[in-house]
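Here is the structure we will look at, set down as structure tokens.
The values are calculated or read from the model by the stated rules, or taken from the named source; none is laboratory data. If you're wondering where the values come from, they're calculated on a predicted model, not measured in any experiment. Counting neighbours? That spans all protein chains shown, and the Cβs are built from the backbone with ideal geometry, glycine included. These accessible areas exclude ligands, DNA and RNA; they are computed on the full protein's heavy atoms, side chains included. Shrake-Rupley method; radii C 1.70, N 1.55, O 1.52, S 1.80 Å.
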Amino acid sequence: MSTPPFCGDSPAGRLAGSKLARRRALARLAVLPLAAALPLRARAQAADLVVGQVAPLSGIGASTGEQMVLGGRIYFDWINQQGGVHGARIRHLVRDDAYKVDETVRLARELLARPELVALYGFAGTANIGRLLSEGVLERGGAALVAPYTGGEPLRDPFNPWIFHVRAGYGDETEHMVQQLATLGLARVAVMYQDDAFGQAGMAGVKAALARRGLKLSAAAGYERGTDQVDPAVQAILASDAQAVIMISVNKSTAAFIKRYREAGGGGQLYNISVVDPAELVKLAGLQNARGVGISQVVPYPYQPRLPAIREYHQLLAQYAPGQSPNYTSFEQFLGAKVLVEGLRRAGPAPTRARLVRALESIANFDLGGVFVGYSGANRIGSRFVEVTVIGSSGKLLK
């Protein structure tokens, strides 16, 4: 009986056996990188860059909150599709505070208690974020809050190191509007405001801008936060015979005021600061009433892709949120997401909260695509850009 070719004692057999052993050893070695890669994948998954966002996804601010989340999500999704930041994916955790201050604080504390969280992003509300400062939530958490959707001056002055603003402040917006009114020769100016830190900050900006021109408010009328009960404000401002009304309010209350003021015969020029959605105002107040309302804006006009950042925003909106239209709110938060990602890049692999704060401080005169922002160790206001737009006769926003 013949000896199997690779099992005999002959030199040829021993050589053949040796070759077979080497092939088997090489095969075992070839499997090792795959096996070794498995725990690496698990570690990469554990090293995701966790970003926490609290936004009003229900209640009176729901339409704004949805756009806030959308603007960040499309950019984070795109970054992840490109391989993430230093190989780590961004995990975007979103929580709904219904625009309630206590909920904002509770949810922020929950997010900051997660050791893997590296930053907070895009919260809404001057009063909401003000409470995070007054209760030391941000300081104890040690995390940056990037691109909050508010221009409240108490969040900017006095200086605090934790909030990196992408937008101009309400003082910048109201100065711009009052300057425009003064140019038109309109001196009797009233304010309709939400009676909380947000509304009071905006009203203070109007009063200061008027005072610089030797003028005083003709009327100041508030409404309760979280409602659209504006009838007393309508009556007070009608009685003042104001030539112009600057509204420091959110979508539903602004729309309610516009509708009731116009239907009651109010003929003053109406303005609102940047936190409202013109499409929502037209829908709720009616085109006939909303036509001609001026709205200050803190980012460039997002409907025409004239700047590289706007073209990128349109492309990613079509790719990751088909059916969604361009919107000032989502574009602002899109820019905020770009700022945060640049900070993460500069912070290096596996960034800590403290390293990210230092990295964000290093962003100076940075080009987001035709839109520039800059920070430093002593500055957290990235931009002071303001322009005023108008709701046109077709309901579209015009520059």
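Could you run through region 117-164 and say how many residues are in contact (Cβ under 8 Å) with a residue 60 or more places away in the chain, surrounded by fewer than 23 Cβ atoms within 10 Å (Cβ to Cβ) and of a type in the set (V, I, T)?
Residues flagged as in contact (Cβ under 8 Å) with a residue 60 or more places away in the chain, surrounded by fewer than 23 Cβ atoms within 10 Å (Cβ to Cβ) and of a type in the set (V, I, T) within region 117-164 amount to 1.
Considering only residues that are of a type outside the set (K, R) and open to solvent by 10 Å² or more (accessible area, probe 1.4 Å), which ones fall in region 76-89?
D77, W78, N80, Q81, Q82, G83, G84, H86, G87, A88
Spot the failing condition for R167; the list is (1) open to solvent by 60 Å² or more (accessible area, probe 1.4 Å); (2) in contact with a strand residue (DSSP E or B) (Cβ under 9 Å, 6 or more places away or on another chain); (3) among the charged types (D, E, K, R), and only one is missed.
Failing condition for R167: (1).
Which one of these does S218 not meet: (1) surrounded by 20 or more Cβ atoms within 10 Å (Cβ to Cβ); (2) hydroxyl-bearing (S, T, Y); (3) within 24 Å of the chain's Cα centre (by Cα)?
The single condition S218 does not satisfy is (3).
Of everything in region 284-305, what is touching a residue at least 24 places away in the same chain (Cβ under 8 Å) and open to solvent by 50 Å² or more (accessible area, probe 1.4 Å)? Give them in sequence order.
Scanning region 284-305 gives L284, L287, Q288, R291, Y303.
Taking region 48-60 only, how many residues are closer than 30 Å to Q229 by Cα and either touching a helix residue (DSSP H, G or I) at 6+ places or on another chain (Cβ under 7 Å) or open to solvent by less than 10 Å² (accessible area, probe 1.4 Å) (or both)?
Looking only at that region, the number is 6.
Is it the case that A144 is in contact with a Phe, Trp or Tyr (Cβ under 7 Å, 6 or more places away or on another chain) and among the aliphatic types (A, V, I, L, M)?
Considered against the rule, which asks whether it is in contact with a Phe, Trp or Tyr (Cβ under 7 Å, 6 or more places away or on another chain) and among the aliphatic types (A, V, I, L, M), A144 comes out as yes.
Can you confirm whether A108 is of a type in the set (G, A, S), assigned to a helix (DSSP H, G or I) and closer than 28 Å to A378 by Cβ?
yes
Please pick out the residue among S376, S330, S383 that is surrounded by fewer than 18 Cβ atoms within 10 Å (Cβ to Cβ) and modelled with pLDDT of 95 or more.
Result of the check over S376, S330, S383: S376.
Here is a list: Q180, Q200. Which entry is assigned to a helix (DSSP H, G or I), open to solvent by 60 Å² or more (accessible area, probe 1.4 Å) and closer than 21 Å to G267 by Cα?
Step by step, each of Q180, Q200 is checked, and only Q180 is assigned to a helix (DSSP H, G or I), open to solvent by 60 Å² or more (accessible area, probe 1.4 Å) and closer than 21 Å to G267 by Cα.
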